[in-house]
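Following: one structure in structure tokens, then a few remarks.
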Amino acid sequence: MSLTKEQLQKQILASQRKQRADFILRNAQVADVFSLRWIRADIVITNGVIVAVDEHGLFEATQEEDATGQFVIPGLIDGHIHIESSLVTPSEFSRVMLPHGVTAVITDPHEIANVAGAEGIQFMIDDAASCEMDIFVMLPSSVPATPFEHAGAVLRASDLQPFLANVSVLGLAEVMDFPSVLNAESEIIDKLLMAREANVMIDGHCAGLNSDQIRGYRAASIHTDHECVTAEEALDRVSQGMHVLIREGSAAKNLRALLPAVTPQNARRFLFCTDDKHLDELLEEGSIDYAIRLAIQEGMDPLQAIQLATINAAECYRLDNRGAIAPGFVADLVLIDDIASFRAQSVWKNGVKVAENGQMLSLRDEKSPPSSRITKTVHLPELTVDDFAIPFTNEGLAHVMEIIPNQLMTYKKVLQVPVESGLFKQDSQQDLLKLAVIERHHGLGTIGLGIVNGFGLRRGAVATTVAHDSHNVIVLGVSDEDMLIAAEELQRMQGGFVIVNEGKVLASLALPIAGLMTDRPAVETTANLHKLHNALHELHPDLDFHLFLTLSFLSLPVIPELKLTDTGLFDVNEFRHISIQAD
């Protein structure tokens, strides 16, 4: 927050009771996140900044409100999220999350950057600028994520450099191309040096890396990791000086596994994040407030959980005036009536009440539509059923991707699969389905094919343009004919989600902004998501995991073990393409 001379004078004078404050929230049980204690006090605010935490009722203000002894905590901070995964724009995301007490997020717009490059990043920054929430940006470091796929753009250090002048930009986002880092390759070194010279943060992405490899990341001045899946991994990162972001999203749910790593001695090195979470779950559960509830249920002291969600996140990302209720901090406040259930009753942003009882107090602004370079991004080749054929010259011994429901990792399996007339034949009884990734940015015509186990579809096909990180079209199906129809429908819609059975579209959700986001209100979008989920149950009556989000990570070739890109089946452990046929 920039201040004029007069505003700074006003804050100082108000702190000394030489003039009235703007607002006082009286009789609050205030969370002291520095000392982990509750203080009965009045919170005194001027210019949207806390100027006193008054335990003796000495201050006066132009406006007052009584907290009636309820708990008041700092605004919550999500340490790492891809807003595009919520399926709505930053401005709509802000309206979804503020009623949950999330007043700031650190976002990495690498989803839209992989589709639309620098113009996509600028769209996110511009749309976020008018939000009541603070949306800070980490610049995408890996566009594309690897050289083994085709994304919509390539971003080099020179493309990212101009964004560092924007006050909302905090640093370089998750560095996920670990071979390039550990081999000190020129292009990633340019980006790391750019961030170092600007004295900004650098986020890591250390999925599956061992302790020696983490040492290489630390030598590169990479500060964080949100990819830990075990307490042992988390402790190794902390011991090497990293901050660990405990992730609880839609697909990756790591909080329970990581909490045992958090102790009173090392807790200040941990914070919460969501990474990727779908809109329906954000509306129903929240994000960082949900992580706090879950941590408390798992036995963490409530003040400790609040500390992770506030001051730890702020200090990690050098947000020096956020994350605490203390003089000099931005007046982002959340009133909670019951700590165990942990539901935000009222939310103040910069000292102004913006949400109450789960609802925003301001009206939704209508936005001008983005340019066609953002909304016309699906360019598929002319497809036929033959494009989905997987030939075999052996008797069907295959490399098969086995999913882990609600996780980003997969297993690499070697299985005997059905083959008819020299072609793989899907078998829903054995849960052996076909997977296709189709390049959609430049009309290159590249199609990667693979075999996947674990989804449990009985019939039909599903398809989406939300396919991390290059966001090509990904299609899963029991029927090649239905896979073809699903891909063609995505072309017509210019991106989104599609469910097809027996030649008919059962449900769809259009995401015309880069094939990733809708410009429609959250409530309307959620209703369409529910229709998608209902249609999925027609294809999979026993579905008990987030199918689309799990599907969306099967094309991400930086998370073990086996993934599929538009250029073919990719062994992440060996970091090379492999044949579908196994020896």
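The values are calculated or read from the model by the stated rules, or taken from the named source; none is laboratory data. Quick caveat, the model's predicted, so the values are computed rather than measured. Glycine gets a Cβ as well: all are built from the backbone with ideal geometry, and neighbour counts include every protein chain shown.
Quick look at the numbers
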| read-out | value |
| --- | --- |
| Residue in the stretch 250-261 that is under 24 Å from residue 410 (Cα atoms) and either part of a strand (DSSP E or B) or in the same structural domain as residue 410 (by TED's automatic domain parsing) (or both) present | yes |
| Hey, residue 366 over 24 Å from the mean Cα position of the chain (by Cα), over 30 Å from residue 43 (Cβ atoms) and not aliphatic (A, V, I, L, M) or not | yes |
| Those residues of the stretch 406-425 which are out of contact with any Gly (no Cβ under 7 Å at 6 or more places or on another chain) and over 15 Å from residue 554 (Cα atoms), in sequence order | 414, 415, 420, 421, 422, 423, 424, 425 |
| Test set (1) within 20 Å of residue 133 (Cβ to Cβ); (2) surrounded by 20 or more Cβ atoms within 10 Å (Cβ to Cβ); (3) not basic (Lys, Arg) - residue 305 fails condition number | (1) |
| So residue 292, is it hydrophobic (A, V, I, L, M, F, W, C), at pLDDT 95 or above, part of a helix (DSSP H, G or I) and farther than 30 Å from residue 466 by Cα | no |
| Residue 134 being under 30 Å from residue 32 (Cα atoms), outside the structural domain of residue 568 (by TED's automatic domain parsing) and free of Cβ contacts under 8 Å to residues at least 40 places away in the same chain | no |
| Candidates 341, 346 - the one that is of a type in the set (S, T, N, Q), more than 21 Å from residue 127 (Cα to Cα) and crowded, with 22+ Cβ neighbours inside 10 Å | 346 |
| Filter result for residue 500 (assigned to a strand (DSSP E or B), buried (at least 20 other Cβ atoms within 10 Å of the Cβ), out of contact with any His (no Cβ under 8 Å at 6 or more places or on another chain) and not small (Gly, Ala, Ser)) | yes |
| Selected residue (criterion: surrounded by the fewest Cβ atoms within 10 Å (Cβ to Cβ)) from residues of the stretch 129-148 that are more than 23 Å from residue 220 (Cβ to Cβ) and in contact with a strand residue (DSSP E or B) (Cβ under 7 Å, 6 or more places away or on another chain) | 132 |
| Residues within the stretch 1-45 that are under 29 Å from residue 129 (Cα atoms) and either in a loop (DSSP other than H, G, I, E, B) or touching a residue at least 60 places away in the same chain (Cβ under 8 Å) (or both), tallied | 10 |
| Which listed residue is without any contact (Cβ under 8 Å) to a residue 40 or more places away in the chain, of a type in the set (Gly, Ala, Ser) and touching a strand residue (DSSP E or B) at 6+ places or on another chain (Cβ under 7 Å), from 257, 234 | 234 |
| Those residues of the stretch 419-452 which are surrounded by fewer than 17 Cβ atoms within 10 Å (Cβ to Cβ) and not in a loop (DSSP other than H, G, I, E, B), in sequence order | 420, 423, 427 |
| Cβ pairs under 6 Å, 6+ apart, first in the stretch 169-196 and on the phi > 0 side of the Ramachandran plot, second part of a helix (DSSP H, G or I) and surrounded by 15 or more Cβ atoms within 10 Å (Cβ to Cβ) | 171/195 |
| Any hit, the stretch 42-50, residues being at pLDDT 95 or above, crowded, with 22+ Cβ neighbours inside 10 Å and among the polar types (S, T, N, Q) | yes |
| Checking residue 333 against (1) touching a helix residue (DSSP H, G or I) at 6+ places or on another chain (Cβ under 6 Å); (2) of a type outside the set (Asp, Glu); (3) surrounded by 24 or more Cβ atoms within 10 Å (Cβ to Cβ), the condition it does not meet | (1) |
| Checklist (1) part of a strand (DSSP E or B); (2) surrounded by fewer than 16 Cβ atoms within 10 Å (Cβ to Cβ) applied to residue 57, failing item | (1) |
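Residue-by-condition table, conditions (1) in a loop (DSSP other than H, G, I, E, B); (2) touching a helix residue (DSSP H, G or I) at 6+ places or on another chain (Cβ under 7 Å); (3) of a type in the set (Val, Ile, Thr):
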{"position": "526", "(1), (2), (3)": "no, yes, yes"}
{"position": "538", "(1), (2), (3)": "no, no, no"}
{"position": "550", "(1), (2), (3)": "no, no, yes"}
{"position": "554", "(1), (2), (3)": "yes, no, no"}
{"position": "560", "(1), (2), (3)": "yes, no, no"}
{"position": "579", "(1), (2), (3)": "yes, no, no"}
